[in-house]
Amino acid sequence: MNMIIKRSLLLILAILITAFIVGCSSESSKTDNQANDTTKLIANEEKPYIGFVLDTLKDERWYKDKELFEGKVTELGGHVKTLAANGSDDIQITQAELLIEEGVDVLVVVPTNADTASSIVEIAHENGVKVISYDRLILNADVDHYISFDNEKVGEMQASAIIAQRTEGNFAYIGGAETDNNAVLLRQGTMRILQPLIDEGKINLVYDNYTDGWNPDVAEENMKAALQDNGNQIDAVIAANDGTAGGVINALATKNLDGDVPVSGQDAELNAIKRIIDGTQTMTVYKSINLLAENAAEIAIQFANEESIATDQTIPNGKIDVPATLLEPIAVTKDNIEETIIKDGYLTTEEIYGK
Ligand code: BGC
């Protein structure tokens, strides 16, 4: 398709998505015209105006990120608009451009694609807008701040919990999206734990693939292929998050292997916690979205007020050492659901047990 036509179509799509998201946000009672008027007012006001650009709202956690981030920015006296790109990096770039045109002071970005998102940083900086890389690192760009969890540690936790169940046999690795730097870090963390056992000949890594777009259906198909290729002899699965774990467990269920094969996850999604209680998923990794969203909101407001951010950590992104805030993940099994996610109010006893 001709590039100009493609760009125009994307712009129209992004505007439609913008209208949809605004419609879903706290300003849902306003008409589109009222929403546009509000935007003009916001851009002209003295209040900090923050743009939050998400890859997707498909995985449960991102709703929490959206709600908590918006809540904290508002509490700190700022305005925020959130847009989600439905997994398209082209749409995400167009949405970032729209927000910059609207006059945001700071962009907080969960990049769909770690590489192509570098153009968002370039355009933002040309317009005097600072960029915070949220949860996922934008590569090869002058990112102003990166806030996330220690993703290699998440990968180590996943592998450690699985080898606590099985120290030998046929292992499958069902990764995240390769375009997401987190997926690469998770795999690195996992391999740090698995490699010595692979070298000793105890573990045979019979399947090792990323999952396009972190899509649970793709993970399910990949797991079915892994089972098929190995005569159903898969002894353990390291799945990169709860969405992909769900797909893996569906595939195992078709062979009556769910519950027999340890499976990891990440995100402490409600369904994953239920599977952990039922015994079909071994573990998940709880990352306090509260801490992440609130810290990110504070940093965004500080940037908007032209204050500097104190940090003693940096993470290289291929271009610079990005000033970073890295939070601690927590491994969750059947044994510590109560003192982690329930205690923190991340999920309630009622949601989990229905009482
Ligand atoms: C996040 C995970 C999430 C995944 C898919 C990753 O970058 O760190 O928490 O499950 O994206 O949305």
TODO: Quick one: which residue in 183, 159, 164, 172 is under 30 Å from residue 96 (Cα atoms) and of a type in the set (A, V, I, L, M)?
DONE: 183
Open item on the list: Every residue in the range 334-350 that is loosely packed, with under 15 Cβ neighbours inside 10 Å and farther than 16 Å from residue 61 by Cα, please.
Closed with: 334, 335, 338, 339, 343, 349, 350
TODO: Kindly provide the set of residues from the range 205-260 that are on the phi < 0 side of the Ramachandran plot and among the polar types (S, T, N, Q), ordered by number.
DONE: 209, 211, 215, 222, 228, 230, 233, 241, 244, 250, 254
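The rows are residues; the columns are (1) at pLDDT 95 or above; (2) closer than 22 Å to residue 298 by Cβ; (3) assigned to a loop (DSSP other than H, G, I, E, B).
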| residue | (1), (2), (3) |
| --- | --- |
| 96 | yes, yes, no |
| 107 | yes, yes, no |
| 111 | yes, yes, yes |
| 115 | yes, no, yes |
| 143 | yes, yes, yes |
Open item on the list: For the range 127-135, check the following and say yes or no: at least one residue is within 12 Å of the ligand (Cβ to nearest atom), more than 20 Å from residue 242 (Cβ to Cβ) and touching a strand residue (DSSP E or B) at 6+ places or on another chain (Cβ under 8 Å).
Closed with: yes
Task: Residue that is of a type in the set (Val, Ile, Thr), more than 17 Å from residue 294 (Cα to Cα) and under 18 Å from the mean Cα position of the chain (by Cα), where the choices are 330, 337, 320 - done: 330
TODO: Could you please tell me which pairs satisfy a Cβ distance under 7 Å, a separation of 6+ or placement on different chains, a first residue in the range 50-61 that is assigned to a strand (DSSP E or B), and a second residue that is within 9 Å of the ligand (Cβ to nearest atom) and β-branched (Val, Ile, Thr)?
DONE: 53/110; 54/110
Open item on the list: Yes or no: the range 282-290 includes at least one residue that is in a helix (DSSP H, G or I), open to solvent by less than 10 Å² (accessible area, probe 1.4 Å) and in contact with an Asp or Glu (Cβ under 9 Å, 6 or more places away or on another chain).
Closed with: yes
- [ ] Within the range 165-182, identify whether any single residue is touching a Gly at 6+ places or on another chain (Cβ under 7 Å), assigned to a helix (DSSP H, G or I) and either modelled with pLDDT of 95 or more or outside the structural domain of residue 299 (by TED's automatic domain parsing) (or both), and answer yes or no.
- [x] yes
- [ ] Look at residue 302 and say whether it is over 23 Å from the mean Cα position of the chain (by Cα) and surrounded by 16 or more Cβ atoms within 10 Å (Cβ to Cβ).
- [x] yes
TODO: Starting from residues that are part of a loop (DSSP other than H, G, I, E, B) and closer than 22 Å to residue 284 by Cα, keep the ones in the range 196-248 and report whichever is nearest to the ligand (Cβ to nearest atom).
DONE: 241
Open item on the list: residue 155 - would you say it is modelled with pLDDT of 95 or more and within 16 Å of the ligand (Cβ to nearest atom)?
Closed with: yes
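The values are calculated or read from the model by the stated rules, or taken from the named source; none is laboratory data. Keep in mind the model is a prediction, meaning the values are calculated, not measured. A quick note on method: Cβ atoms are made from the backbone with ideal geometry, for glycine too, and the neighbour counts reach across all protein chains shown. These area figures cover heavy atoms from the full protein model, side chains too; ligands, DNA and RNA do not enter into them. Shrake-Rupley method; radii C 1.70, N 1.55, O 1.52, S 1.80 Å.
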